[in-house]
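The block underneath contains the structure these notes are about, expressed in structure tokens.
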2 protein chains.
Amino acid sequence: MGPSGALAGRTLGELGEAAVLARIFPRLPESPATILGPGDDAAVLAAPDGRYVVTTDTMIHGPDFRLAWSTPHDLGWKAAATNLADIAAMGAVPTALVVAVAAPPDTDIALLEGLADGLRDGCETLAPGCGVVGGDLSSSATLMIAVTAFGDLQGRSPVLRSGARPGDVVAVSGVLDLAARGLELLFARGVDDAGHPDAARALAVRAEFPAETGAQLAPSPPLLDGPAAALAGATAMLDVSDGLAIDARRIATASGVRLDLDSASLESDLSLSGGEAHALLATFPPGAELPVGFRVIGKVLAGEGLSVDGRLYDARGGWDPYRDGAVGER
Amino acid sequence: MGPSGALAGRTLGELGEAAVLARIFPRLPESPATILGPGDDAAVLAAPDGRYVVTTDTMIHGPDFRLAWSTPHDLGWKAAATNLADIAAMGAVPTALVVAVAAPPDTDIALLEGLADGLRDGCETLAPGCGVVGGDLSSSATLMIAVTAFGDLQGRSPVLRSGARPGDVVAVSGVLDLAARGLELLFARGVDDAGHPDAARALAVRAEFPAETGAQLAPSPPLLDGPAAALAGATAMLDVSDGLAIDARRIATASGVRLDLDSASLESDLSLSGGEAHALLATFPPGAELPVGFRVIGKVLAGEGLSVDGRLYDARGGWDPYRDGAVGER
């Protein structure tokens, strides 16, 4: 029997929500924070220090992914990774997820199983101990994965965007341009002659450029560096999701400072503009010992906005999914 | 200026995510549980007794609602109410929501504002003190609202589905058949001659049957009776979402008992089969003083399954959205 066993090829509509959930839940990782897991009206989770960190993010077929490019495992992995990166960017340790999936009735159960396996492998690889504690399965014309993630600050203060001070160093953990390069490659070579996403061509691109396409389709943000940065005294931190330029300006605005970046420390032009890097951008007091994953890319100055090599940088250098058009949308 | 002011008639795609969120967040209710609210990578919430209750549920255009029948305010209200009912059914006090909305780029900002107002009014009316602490706005071909709700057990044990014991009484708070009757009315009279949902006809039905259609489109579950039931010693409890017959069997199965219902205590046949009642079904030890909203509708016996007036009731008597077809889907 294959991974789907006797139900291979059956659809969500044929089996019904209850039967599908019964197959999915055993595949999902458990969390030691679970006091009461799936199966009742709600789950109960532990908050040892009397607080919990919460974030939510959604992936939608069309704007956020194409099934011609992403495997179900990729989708589960990325849905976990992007949400857990927001938890880590607060300096918290990811503890649990709840996952709402909406899928067309003709969706093969193997897709949902692959998605569950991706959630599990993403959690186990990037944030060991983080489990899936609840979920929801709905019918929709458009495939959608909405994740809400939770984290534990372990008694520490959250690291906000607003704490950067003149004199701090600016540092990043993770690669800034690889995911954007992967997307460029998929747009250029993972499409058919009419420009539509094409599975066979995408597979060829993935084989030739595994690092770039992997960073885009199944990213591995340096989640452990979030709590490590908090312990090292980080004054501000965020998850670089819309491009370094946009996200660095967010810290500058929230903190009332200027961030000045050193172009020689950046991989390429795409480092400033490329979305979905899911690197951690943080500021540290002068003299702080940075966690091993971080490298210095600039400094915090008095003033406002963003500069590169001392010159004001006001190009947008990033993307807003509504203004820039949907990725892979026909 | 109208409620949308200078931006009336503008769309999500024209304004972009950031500008829309800036208009939406001030409309949303705040929660005293908020340690850190919207604006950073994640929110931080208080868990005074070291635990938090979590549930997630999604509403999708087509299977779960039709814009021809529901106003944006209805959608926000119902998305809050249905999730908060799951929190209350654990015996917890609802504290906060995070809300992920996916909408087509041509969505008028007035729809998103109406949705936010419905979330606010639903929280303030049904669960005062419950606030919206975070969210996400995405582009999708299909309008979707995914809510994750949080609650505080205030030091009590959660009320599970598994605690009913022979000799307990079965009681319900809320109306069982009204929401289903409202849906029947909308299907019968809120459609055009081809059977498609029709806004003008739905308005006429709403004017003539406000209680029935209101229970379906903007339900008011008795949320305060959830914690009240826990304080009164409830042994098992759930939110009646798929019909009393299906949900009573869930308590019977989880508890290893039989539930026997008294048909004379039910409003109509629809009380057993009708979905989306969002009443609270609970069992209490013999002699317990029931909170004022609850009425006795049966008793717990040794055995298994569900009976009505002592006779085994094995009709499905409820619905699974995948098996029964999508509501209002063309």
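The values are calculated or read from the model by the stated rules, or taken from the named source; none is laboratory data. Everything quoted here is computed from the prediction, not taken from an experiment. So basically every Cβ, Gly included, is an ideal-geometry build from the backbone, and we count neighbours across all protein chains shown. Accessible surface is based on the protein model in full, side chains and every heavy atom, while ligands, DNA and RNA are left aside. Shrake-Rupley method; radii C 1.70, N 1.55, O 1.52, S 1.80 Å.
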Per its Cα gyration tensor (rounded if a/c is under 1.5, else prolate when a/b beats b/c, else oblate), the range B:153-239 is best filed as prolate
Which number do you get for Rg(Cα) / (2.2 N^0.38 Å) in the range B:248-295? 1.25
Please report the antiparallel percentage of DSSP beta bridges with both residues in the protein assembly as shown, rounded to the nearest 5. 75 percent
Phi-based couplings in Hz for the range A:65-72 (Karplus 6.51, -1.76, 1.60; Gly and Pro marked x): 7, 10, 5, 6, 9, 9, 6, x
Virtual spin-label span in nm between residue B:269 and residue B:200, 7 Å along Cα→Cβ: 3.4 nm
Considering amide H positions built from the backbone, and no H for Pro or chain starts, which residues 5 or more places from residue A:191, or on another chain, come under 5 Å of its amide H? A:198
Working from the pairwise distances between different alpha carbons, so that the mean of 1/r is found and then inverted, what is the range B:53-177's Kirkwood radius in Å? 15.6 Å
How much of the DSSP bridge set in chain B is antiparallel, in percent, rounded to the nearest 5? 75 percent
Which whole-Hz couplings ³J(HN,Hα) result when phi for each residue of the range A:275-290 is put into the Karplus expression 6.51 cos²θ - 1.76 cosθ + 1.60, θ = phi - 60°, listed in order with x for Gly and Pro? x, 6, 5, 6, 7, 9, 9, 9, 10, 10, x, x, x, 5, 8, 6
Dipole-positive endmost among B:31, B:151, B:115 within chain B (Cβ charges, Cα centre): B:151
Cα-only radius of gyration and Dmax that characterise chain A, units Å: 20.4, 65
Hey, what did chain A get for relative contact order, percent, Cα under 8 Å, at least 6 apart? 22 percent
Residue-by-residue Karplus 3J(HN,Hα) for the range B:226-243, coefficients 6.51, -1.76, 1.60, Hz, glycine and proline x: x, x, 4, 5, 4, 5, 7, x, 3, 8, 8, 7, 8, 8, 6, 10, 9, x
Net charge near residue B:189, counting Lys/Arg +1 and Asp/Glu -1 over other residues with Cβ under 13 Å of its Cβ? -3
Bin all alpha-carbon pair distances of the range A:109-209 at 5 Å intervals from 0 and give each bin's fraction as a whole percent. 2, 8, 10, 12, 17, 17, 14, 10, 7, 3, 1, 0
Net +/- balance of residues flanking residue B:268 in space, Cβ distance below 10 Å, scoring K and R +1, D and E -1: -2
Which distances, in nm and shortest first, link the residue B:285 label point to the same label point in every other copy, taking 7 Å along Cα→Cβ? 5.6
Using alpha-carbon coordinates, inclination of helix A:109-126 to the longest axis of chain A, degrees: 30 degrees
Given 10 °C and 1.306 mPa s, how large is the Stokes-Einstein diffusion coefficient of the protein assembly as shown in µm²/s, with Rh as the Kirkwood radius over Cα pairs? 62 µm²/s
Computed log₁₀ I(q)/I(0) - Debye formula, equal Cα scatterers, no solvent, the range B:192-240, q 0.17, 0.20, 0.22, 0.29 Å⁻¹: -0.65, -0.75, -0.82, -1.06
Amide H to amide H, which residues 5 or more places from residue B:140 or on other chains are under 5 Å from it, using H placed in the peptide plane? B:103
Fraction in percent of alpha-carbon pairs per bin - 5 Å, the range B:1-79: 3, 9, 14, 17, 22, 16, 11, 5, 2, 0
I need the inter-copy label distances for residue B:26: point set 7 Å along Cα to C-beta, values in nm with one decimal, smallest first. 5.4
Per residue solvent-accessible surface (Å²) - the range B:75-214, probe of 1.4 Å: 30 Å²
In square nanometres, what is the average projected area of the Cα convex hull of the range A:42-113? 6.2 nm²
